[in-house]
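This report refers to the structure that appears directly beneath it.
The values are calculated or read from the model by the stated rules, or taken from the named source; none is laboratory data. All of these numbers come straight from a predicted model, not from anything done at the bench. Because the Cβ atoms are built from the backbone with ideal geometry, glycine has one as well, and the counts that use them run over all protein chains shown.
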Amino acid sequence: MPKPSASTLEVVTDPRIELLGVVQSLADGAKEPALERRFGKWRAHPAVAAYRARAEGDSRGLIALCLSDPPELSWVRDRRALSVDFVARAGGDAELDEFLDALRDFASASRFMEFHGESAASLERARLEGERRLSGLDRMALLEEYAGVRLGARFRVIWTERYRPGALTSYIFPYPYEAPGRAAAGPFEVFTIPTAEERKDERAAYLWSEPLCIPVERLHAAHEDEFARLAPDAKTRLVSALSWRLTLRTWSPQGPPPALAGFKDRMEPATFALCRRLEEYENGRASYPALDAFFPRLLDVLAGRKAKAK
């Protein structure tokens with residue numbers, strides 16, 4: 001099996017997400033002049049009504065990443081690759097199919113792709129601003145160095161100023177945990193749609209969590225029996241602790257600003273204990289070249305055991 005290539009990160013815009021942004025704005029009753037002139041007459045379209053009915057906890061931005069560009073919006077990924085939670089939040093398979101049929105009709109009837117083409121200059125300006133904010137640090141190289149393994153991931157940050165993602169903003173194709181004892185080999189495509197607040201974060205702390213699921217899920221598959229005996233949120237706590245340690249590495253030796261320092265104070269004790277244990281990993285890379293080698297030490301903390309320091 002070939003070794004995974006080094007991971008990459010790029011900032012992109014996406015017509016599928018911009019289409020959802022238009023429908024979302026209409027569903028919310030927004031009166032943006034340019035949008036109103038072009039799409040105001042489509043406020044009563046079934047796609048707008050269907051979007052409004054399922055706006056809470058929206059997952060359709062991530063579902064759209066399984067489709068081709070508008071107006072066809074054909075399935076280009078196996079829909080079985082989607083998390084069942086995504087489909088449930090969209091109302092189930094039948095309701096999702098009805099919404100997608102309506103969305104295809106909206107995109108075609110409103111000639112959305114013409115509008116998207118006319119917006120190319122403003123979208124590119126926004127994309128370049130996103131690229132500027134994420135420049136100066138090879139985050140994927142830093143993550144791979146920390147994990148001690150190449151992940152073979154293509155990470156795309158979808159920069160959009162119109163679409164507002166719900167609680168679900170990131171996903172990986174294929175998801176790295178396939179079945180008990182089996183992790184996906186990759187290559188992986190990682191997507192995130194940052195919120196308005198996240199786009200303002202110069203250090204982009206939001207970027208770490210999703211790609212970190214790749215090494216954490218590999219640990220899960222390799223140590224299935226151990227994870228089965230842990231609390232259900234063990235992986236979530238481990239990803240949170242790893243995200244914090246990587247975020248700290250993007251700041252100067254003086255440490256993070258007060259806002260991030262305050263986050264440390266609000267951290268759950270179990271997650272904070274993992275952060276402290278990871279300091280041992282960072283200071284002992286000669287003995288622990290990768291996270292997998294350090295897992296027994298992490299397991300002590302995840303299981304709530306008080307292991308002797310090494």
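Values as computed for the structure displayed
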{"item": "Any pair with Cβ under 6 angstrom, 6 or more apart, that starts in the stretch 3-24 at a residue that is within 15 Å of GLU114 (Cα to Cα) and ends at one that is surrounded by fewer than 21 Cβ atoms within 10 Å (Cβ to Cβ) and of a type in the set (D, E, K, R)", "result": "PRO15/ASP69"}
{"item": "Looking only at the stretch 28-50, and only at residues there that are farther than 19 Å from ASP101 by Cα and among the aliphatic types (A, V, I, L, M), the one that is surrounded by the fewest Cβ atoms within 10 Å (Cβ to Cβ)", "result": "ALA34"}
{"item": "Given (1) farther than 22 Å from ARG203 by Cα; (2) in contact with a helix residue (DSSP H, G or I) (Cβ under 8 Å, 6 or more places away or on another chain), number of the condition SER108 does not satisfy", "result": "(2)"}
{"item": "Residue match in the stretch 294-305 (condition: at pLDDT below 95 and under 25 Å from SER135 (Cβ atoms))", "result": "no"}
{"item": "Residues within the stretch 76-106 that are outside any helix (DSSP H, G or I), without any contact (Cβ under 8 Å) to a residue 60 or more places away in the chain and either of a type in the set (Ser, Thr, Tyr) or surrounded by 13 or more Cβ atoms within 10 Å (Cβ to Cβ) (or both), tallied", "result": "3"}
{"item": "Qualifying residues in the stretch 145-203 (those that are among the hydroxyl-bearing types (Ser, Thr, Tyr) and surrounded by fewer than 18 Cβ atoms within 10 Å (Cβ to Cβ)) - the one nearest to GLU10 (Cα to Cα)", "result": "THR195"}
{"item": "Residue among LEU151, LEU168, LEU260, LEU246 that alone is in a loop (DSSP other than H, G, I, E, B), farther than 30 Å from ALA30 by Cβ, at pLDDT below 95 and out of contact with any strand residue (DSSP E or B) (no Cβ under 6 Å at 6 or more places or on another chain)", "result": "LEU151"}
{"item": "Count of the stretch 212-239 residues which are of a type in the set (Lys, Arg) and more than 19 Å from LEU143 (Cβ to Cβ)", "result": "1"}
{"item": "Breaking point among (1) in a helix (DSSP H, G or I); (2) surrounded by fewer than 17 Cβ atoms within 10 Å (Cβ to Cβ), for GLY57", "result": "(1)"}
{"item": "Out of LEU137, LEU143, sole residue that is in contact (Cβ under 8 Å) with a residue 60 or more places away in the chain and either in contact with a Gly (Cβ under 7 Å, 6 or more places away or on another chain) or in a helix (DSSP H, G or I) (or both)", "result": "LEU143"}
{"item": "ARG156, sole failed condition from (1) within 19 Å of GLU131 (Cβ to Cβ); (2) of a type outside the set (Val, Ile, Thr); (3) at pLDDT below 95", "result": "(3)"}
